[in-house]
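Just so it is clear, none of the values below were taken in a lab; they were calculated from the coordinates. For clarity, every value in this text was computed on a predicted model and none was experimentally measured. Reconstructed Cβ throughout: ideal geometry from the backbone, glycine too, with neighbour counts over all protein chains shown.
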Amino acid sequence: MLELSSVRKNKVNLADYNFQLDIDSRILLSDFSLFDLDVIEEILFNPLKISVKKLSRTLDCQESKLGPILQKLSKVGLVQVQDDTLLVDKERRKYFEFQISRFEEKFTPNMEFLQGHLKQVPIHILPTWYAIPRSSNNIFESIIEKYLLTPQIYQRYLMELNFTDPTMSGIMRDIFSSPEFRISSSDLIAKYNLARSDFEQIMLQLEFHFACFVTYSREDDHWNEWVTPIHEWREYLLFLQTTETPVLQATESICRHRENDFAFVEDIGTLLSLAKKKPFSIDRQQNNGSIPISTIRLLAPHCHILIDTPEKIAFAENYLSRVIDKLILIKLAEPVNGRLSPFDSADEWLEMNPENRALHLYRHSLNRLINNTVAPNLCTERNLREAEKSIKRVLHGGWVLFDDFIRGAVVSFNEGSTVVLKKNGKHWKYVLPQYNDDEKNLIKAAIFDSLFECGIVATGTINGQDCLAVTAFGQYFLEE
């Protein structure tokens with residue numbers, strides 16, 4: 001899903017702060033045992049001066065057992081051992097208080113964690129790294145607005161990252177393409193043949209680029225280390241994954257509305273050809289607002305539409321009325337004395353192949369959705385195009401149920417239905433839209449009317465349920 005290009009010049013420079021001490025500390029954490037974590041937690045949540053004897057009693061262990069971990073903590077500047085006394089460095093304590101949160105049972109590398117992570121770097125460096133105004137009242141909120149506010153903004157940012165080290169790009173691709181969007185650090189280290197220090201430096205870069213983060217989970221008597229995306233993005237990816245529309249297998253049971261992918265634009269041509277030879281009646285006044293049934297019986301065989309049952313007659317009447325209304329709308333013909341009379345522009349239409357007819361209809365300035373069931377206030381050009389974009393989630397071309405499809409639709413009709421990163425209390429989340437019946441109706445009309453008419457989508461029913469599939473032309477058109 002993730003491709004990297006060389007568009008954005010990275011500005012994160014680890015040399016701007018004491019990153020080597022950070023790497024040494026991360027290596028220490030990566031090698032923690034359960035006992036080591038108990039020791040550091042006891043040190044962190046006690047006064048800055050603590051007796052080694054008291055520490056051993058609290059932990060119910062021999063003083064000699066504390067030696068190895070205290071030596072490691074001394075090397076990274078957290079403590080100094082003077083005889084029986086531990087002197088804890090105040091600044092380094094803040095650092096480790098933050099970092100050991102990665103070991104908490106319900107830890108997630110979320111926006112709140114990211115905000116704390118950025119505080120590990122001198123604040124005056126951040127505007128340089130992330131190209132935000134130095135006059136910003138809230139640097140973190142400026143970062144969110146610029147890089148993370150919506151899935152589209154964040155996705156574009158990820159795609160534009162330009163790492164000189166291909167290993168960093170490879171790790172990102174691996175994480176974002178993994179089934180659960182997480183991979184163990186040991187697997188990544190083995191795959192790319194990395195020294196631990198090199199791995200930690202890569203992870204620092206990825207974390208400061210808001211891409212991937214290190215987390216830990218306990219298993220029996222040890223810690224497993226993982227690399228995952230930032231939590232809010234992973235939750236959004238999991239939503240997309242769980243709402244992926246299942247493809248129908250029993251396609252032989254599908255009853256297509258029209259067998260030909262370009263049936264609608266072909267039927268426009270058929271009706272124009274017939275009208276050029278002999279204009280037929282479309283006078284609705286004598287038939288309660290409907291096309292005369294005699295006209296339906298005349299046209300249906302030419303369009304290969306069966307009318308041998310009342311249900312099929314009703315379909316033919318509704319469908320052919322749509323075809324006539326559409327060709328009148330885009331100025332291919334007009335009613336004259338109650339009959340359909342083609343314009344000269346009909347000749348140009350009749351010379352087009354089906355693909356060009358479809359493109360002409362889709363892009364025609366006069367074309368619009370004709371559906372009386374759609375709320376007029378929603379039926380704007382922008383909303384219609386947004387609704388049409390929802391079909392990109394099923395570009396595979398398989399048949400799917402509309403009811404399954406709509407559950408995973410992500411369409412932005414207005415500010416309230418835009419997927420956006422919002423804060424609720426201390427926590428952030430990409431808030432997903434909840435569509436009302438009118439909005440769902442618009443999405444359905446955009447697919448079953450507009451996209452069907454242009455040969456982009458095939459529609460039908462299976463066991464009384466509406467279904468759809470993107471056509472080969474639709475796949476080509478929408479992937480452009």
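Of note:
- Think of segment 14-242 as having a plus end and a minus end, set by charges on the Cβ of Lys, Arg, Asp and Glu; of Phe208, Val39, Ile123, Ile123 sits farthest toward the positive end of this dipole.
- Inter-part distance where segment 96-154 and segment 212-229 are each reduced to a Cα centre, Å: 21
- Ellipsoid fit via the Cα gyration tensor, segment 180-223: semi-axes of 18, 14, 10 Å, each the root of five times an eigenvalue, largest first.
- Relative contact order (percent, whole number), segment 367-440, Cα cutoff 8 Å, 6+ residue spacing: 26
- Cα-centre dipole for segment 14-242 with unit charges at Cβ (Lys and Arg positive, Asp and Glu negative), debye to 20: 460
- Segment 29-66: chymotrypsin sites (Phe, Trp or Tyr not before Pro) falling in loop per DSSP and having at most 16 other Cβ within 10 Å: Phe45
- Positive dipole terminus of segment 14-242, leading residue within Ile139, Trp233, Pro166 (C-beta point charges): Ile139
- Contact order relative to length of segment 14-242, as percent, for alpha carbon pairs under 8 angstrom and 6 or more apart: 22
- Calculated from backbone phi, Karplus (6.51, -1.76, 1.60) coupling profile of segment 112-127 in Hz, x at Gly/Pro: 4, 5, 4, 4, x, 4, 5, 6, 6, 10, x, 4, 6, 7, 4, x
- Relative frequency of Cα-Cα separations exceeding 30 Å in the chain, percent: 60
- For segment 253-478, the Kirkwood radius over C-alpha pairs fed into Stokes-Einstein at 10 °C and 1.306 mPa s yields D = 84 µm² per second.
- Ignoring aspartates and glutamates fewer than eight residues from Lys440 along the same chain, the ones with Cα atoms less than 20 angstrom from its Cα are Glu244, Glu381, Glu386, Glu388, Asp403, Asp404, Glu415, Asp449, Glu453, Asp466.
- Of Lys276/Lys331; Lys53/Lys106; Lys49/Lys72; Lys49/Lys90, those spanning more than 21 Å from alpha-carbon to alpha-carbon: Lys53/Lys106
- Å³ per residue enclosed by the Cα convex hull of segment 17-141: 120
- With 28 Å as the limit on Cα-Cα distance, the pairs of Lys94/Lys426; Lys277/Lys389; Lys326/Lys392; Lys11/Lys389 that go past it are Lys277/Lys389; Lys11/Lys389.
- Over the chain, DSSP H runs of length four or greater, each weighted -39,500 (n - 2.57), average out per residue to a 222 nm ellipticity of -13500 deg cm²/dmol.
- With contacts taken as Cα pairs under 8 Å at a separation of at least 6 residues, the chain carries a relative contact order of 15 percent.
- Assigned charges on the beta-carbon of Lys, Arg, Asp, Glu; the chain dipole about Cα centre (debye): 1020
- Couplings 3J(HN,Hα) of segment 204-209, computed from phi: 4, 4, 5, 5, 6, 9 Hz, in residue order, whole Hz [Karplus 6.51 cos²θ - 1.76 cosθ + 1.60, θ = phi - 60°; x for Gly and Pro].
- When segment 350-477 is reduced to its Cα atoms, the Kirkwood hydrodynamic radius in Å: 15.8
- Projected label distance in nm at Gln285 and Leu359, using a 7 Å step from Cα toward the beta-carbon: 4.2
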